[in-house]
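The values are calculated or read from the model by the stated rules, or taken from the named source; none is laboratory data. Only a predicted model underlies this, so the values are computations on that prediction, with no experimental measurement involved. Cβ placement follows ideal geometry from the backbone for every residue including glycine, while neighbour counts extend to all protein chains displayed. Only protein heavy atoms, including side chains, enter the accessible area calculation; ligands, DNA and RNA are left aside. Shrake-Rupley method; radii C 1.70, N 1.55, O 1.52, S 1.80 Å.
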Amino acid sequence: MQPLNVLYISIEGNTRNFVKNLTRYAAEQHAQNPDLPELNAKEVSEQTDFDDLDKDYFCFVPTYLDGGDGVNSGVKELMTNVCGEYIAYHQNASHLIGVVGSGNRNFNLQYCLTARRYAYMFKAPFIADYELRGVPADEVRIYDALVKRAEEVASAE
Ligand SMILES: Cc1cc2nc3c(=O)[nH]c(=O)nc-3n(C[C@H](O)[C@H](O)[C@H](O)COP(=O)(O)O)c2cc1C
């Protein structure tokens, strides 16, 4: 299977840390069974020049919001906006095949809301969520979800 491509943004390092662990976990799976995909991750920041993304990819985005709950009242995305702008650039949204959200459950209805908003805006499924830096069980669960979704997309092509 082709490597899983991941585009992510991380303001305080939690998402970067989780994606690093997930990349290592994927490499271990691939070493044991070459049919299982490795993971190629690309970090987006305010300094990133936008490129045309021509391969299918997943987006990992944490949540930073100001204001309402996104249901009864609007919210304003903070800090992570450049990630959404990158996806919206040229045709990049057409290759987005899933969104993984992270956040903190203390935020209740706003938990992982940026990822859910991206899934809605860019018409890609919301694949999974995890809290903060994640735990090893999240690596297994999210890797499996990415592989399942990539297989689904491949079989539909
Ligand atoms: C100012 C601020 C606002 C946040 N707002 C939310 C939120 O609305 N919903 C949520 O689920 N998590 C929220 N979080 C938690 C972050 O999404 C969480 O800490 C995440 O792991 C940060 O990822 P990063 O370290 O990769 O930037 C907020 C954190 C901060 C510091």
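Quick notes
- Eligible lysines near K55 by straight Cα distance, threshold 16 Å, same-chain separation 8 or greater: K42
- Test item: Cα-centred dipole of the chain, Lys/Arg +1 and Asp/Glu -1 on Cβ, debye: 400 debye
- Positive-end ranking of I11, S73, P125 along the dipole of the range 1-137, with charges on Cβ about the Cα centre, is headed by S73.
- Highest mean first, the peptides 147-154, 43-50, 5-12 sorted by other C-beta atoms within 10 Å per residue fall in the order 5-12, 147-154, 43-50.
- Taking the chain and dividing mean pair separation by its residue count, relative contact order in percent (alpha carbons under 8 Å, at least six apart): 24 percent
- Protein accessible area in the range 4-156, 1.4 Å probe - carbon and sulfur %: 49 percent
- Beta bridges from DSSP with both residues in the chain: antiparallel share about 15 percent, rounded to the nearest 5.
- Accessible area per residue in Å² at 1.4 Å probe, computed on the chain: 54 Å²
- Applying Stokes-Einstein at 20 °C and 1.002 mPa s to the Kirkwood radius of the chain, computed over alpha-carbon pairs, gives a translational diffusion coefficient of 136 µm² s⁻¹.
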